[in-house]
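Read the structure below first, then the notes.
Taken together, the values in this text are just the output of simple stated rules run on the coordinates, not laboratory data. Everything quoted here is computed from the prediction, not taken from an experiment. Heads up, the Cβs are rebuilt from the backbone with ideal geometry, glycines too, and the neighbour counts pull from every protein chain shown.
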Amino acid sequence: MLRIHPDIKKAIKKKQPVVALESNLIAHGMPYPQSVETALICERTIRSNGAIPATIAVFDGVITVGLSISEMELLGRGKQEVFKTTRKDLAYVIDQKKTGALTVAAAMIAAKMAGIKVLVTGGIGGVHRYFDTAMDISADVEEFNRTNVCVVSSGVKAILDVPKTLEYLETHGIPVIGYQTDVFPAFYTRESDLPVDFRFDDPDAIASYMKTQQTLKLESGILVANPIPEAFSIPREKIENFITTAVEEGKAKNIRGKALTPYLLERVNELSRGESLEANRRLLYSNCELASKIAIAYAKLEEKKK
Ligand code: PSU
Ligand code: MN
């Protein structure tokens with residue numbers, strides 16, 4: 001059920017720095033061909049920072065850690081035929097020998113199976129706007145309850161209800177770490193008016209924190225929030241306008257369940273004439289860089305232990 005690329009397998013065994021990447025954003029988070037191009041640049045960024053990238057997806061029922069370019073193309077081009085796979089779908093996709101792109105939640109599960117401690121994404125899922133009527137909470141936040149992986153992000157996607165998502169994380173005992181920031185980043189925008197739990201200014205400190213948290217056997221994930229680089233940050237009022245429009249449209253069209261997040265991302269991209277996609281890509285590259293540094297720092301601590 002689990003196939004790990006030989007180079008990645010060797011690296012995990014030797015406790016070298018490996019960074020896992022989710023694949024749902026390739027199939028359902030970005031338009032093709034930018035999606036595949038972004039995924040490849042993400043992998044390259046991780047390599048040039050001294051770590052080993054491991055993008056994870058399911059092909060014909062096999063969880064595959066480390067993808068070829070043609071496998072990435074398959075995810076990017078496939079769209080509707082590629083199953084958006086979160087925790088609840090994992091056994092189905094494997095049993096039915098389908099091809100699936102993994103959300104943050106499913107990728108966390110697979111990373112843990114493979115023995116990878118750090119995972120990177122753009123923004124995790126969370127509590128949706130109109131939660132009061134729709135009860136829509138991403139399985140991503142739930143996964144942090146039970147799967148001890150450090151997820152490097154730019155916060156939660158701004159299409160969500162960010163304050164409610166933070167409340168949810170707090171209730172479930174999930175630590176939110178700000179990287180070189182005291183305030184929670186708002187995905188497309190560098191800053192929100194909400195605080196993070198803890199601020200860390202260097203990757204070594206985050207790796208040390210991971211170790212301590214593991215020693216305590218709390219079994220929960222860690223959310224690292226890395227603000228989008230200044231040059232690509234979109235002013236809050238500007239992007240909020242587009243988001244509100246997209247959310248209202250989605251509600252009017254009765255779009256729900258797993259279709260909602262991809263719909264909103266695509267709509268905001270259309271309304272912003274591609275600006276949101278560019279921001280999404282840039283924050284991903286920056287997150288890949290940070291995730292690599294954390295994985296390297298973590299590997300150094302493992303080395304010391306020996
Ligand atoms: N980050 C991005 N783009 C994305 C996602 C994250 O920059 O498309 C995806 C992730 O795969 C995440 C998913 O797990 O959105 C959440 O979907 P939902 O809200 O349906 O759980
Ligand atoms: Mn949902």
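The H on the amide N of Ile222, modeled in the peptide plane, is under 5 Å from the matching H of Val149, Cys150, Val151, each at least 5 residues off or on a different chain. Setting aside same-chain residues fewer than 8 positions from Lys9, which lysines have a Cα under 19 Å from its Cα? Cross-link targets: Lys112, Lys117, Lys300. Which of the three applies to segment 170-306, rounded, prolate or oblate, going by the alpha-carbon gyration tensor with a ≥ b ≥ c and a/c under 1.5 meaning rounded? The shape class here is prolate.
Over the chain, what is the percentage of antiparallel beta bridges among all DSSP beta bridges, to the nearest 5? Of all bridge pairs located within the chain, approximately 25 percent are antiparallel. Evaluating 6.51 cos²θ - 1.76 cosθ + 1.60 at θ = phi - 60° for every residue in segment 114-128, the Karplus couplings come out as 7, x, 9, 9, 10, 10, 10, 8, x, x, 6, x, x, 7, 6 Hz, glycine and proline recorded as x. Loop-resident GluC sites (Glu not before Pro) (DSSP state other than H, G, I, E or B) in segment 1-102 with no more than 14 further Cβ atoms inside 10 Å of their Cβ are absent.
For the chain, modelled as a GNM whose springs connect Cα atoms under 10 angstrom apart, the maximal fluctuation among Ala101, Ala225, Ala259 occurs at Ala259. At a temperature of 4 °C and a viscosity of 1.567 mPa s, determine how fast the chain diffuses translationally according to Stokes-Einstein, using the Kirkwood radius over alpha-carbon pairs as Rh; express D in µm²/s, rounded to the nearest whole number. Reported coefficient: 68 µm²/s. At q = 0.11, 0.14, 0.22 Å⁻¹, what log₁₀ I(q)/I(0) does segment 130-234 have when each alpha carbon counts as one equal point scatterer in the Debye sum? After summing over all Cα pairs, the log10 values are -0.33, -0.53, -1.22.
Looking at segment 1-62, the trypsin sites (Lys or Arg not before Pro) that sit in a DSSP loop and have at most 14 other Cβ atoms within 10 Å of their own Cβ are Lys14. With a ≥ b ≥ c taken as the square roots of the eigenvalues of the C-alpha gyration tensor of segment 74-149, please select rounded if a/c is under 1.5 and otherwise prolate if a/b is larger than b/c or oblate if it is not? Since a/c reaches 1.5 but b/c is at least a/b, the shape of segment 74-149 is classed as oblate.
For the listed residue pairs Lys97/Lys258; Lys164/Lys253; Lys10/Lys157; Lys97/Lys164, the alpha carbons are over 31 angstrom apart in Lys10/Lys157; Lys97/Lys164.
Estimated from helices alone, the mean residue ellipticity of the chain at 222 nm is -14500 deg cm²/dmol (sum of -39500 (n - 2.57) over DSSP H runs with n ≥ 4, per residue). Result for the chain in a Gaussian network model with C-alpha springs under 10 Å: among His172, His28, His128, the largest mean-square fluctuation is at His172. Qualifying trypsin sites (Lys or Arg not before Pro) in segment 257-303, where qualification requires a DSSP coil assignment and no more than 11 other C-beta atoms within 10 Å, comprise Arg273.
Distances between placed amide hydrogens fall under 5 Å for Arg129 paired with Asp161, all partners being 5 or more residues away or on another chain.
Sequence-ordered 3J(HN,Hα) estimates for segment 293-306 from the Karplus curve with 6.51, -1.76 and 1.60 and θ = phi - 60° stand at 4, 5, 5, 5, 4, 5, 4, 5, 5, 5, 4, 4, 5, 5 Hz, glycine and proline given as x. For the chain, averaging the sequence separation of C-alpha pairs within contact (under 8 Å, six or more residues apart) and dividing by the residue count gives a relative contact order of 20 percent. Residues whose amide H comes within less than 5 Å of that of Arg190, counting only those at least five positions distant or on another chain, are Ile234 (H built at 1.01 Å from N in the peptide plane).
Here the 3J(HN,Hα) profile of segment 260-270, calculated from phi with Karplus coefficients 6.51, -1.76 and 1.60 at θ = phi - 60°, is 5, 4, x, 4, 5, 4, 5, 5, 5, 5, 5 Hz, Gly and Pro shown as x.
Result for the chain in a Gaussian network model with C-alpha springs under 10 Å: among Asp95, Asp182, Asp204, the largest mean-square fluctuation is at Asp95.
Bridging of Lys84 to aspartates and glutamates at a Cα separation below 12 Å is possible for Glu22, once same-chain residues fewer than 8 apart are set aside.
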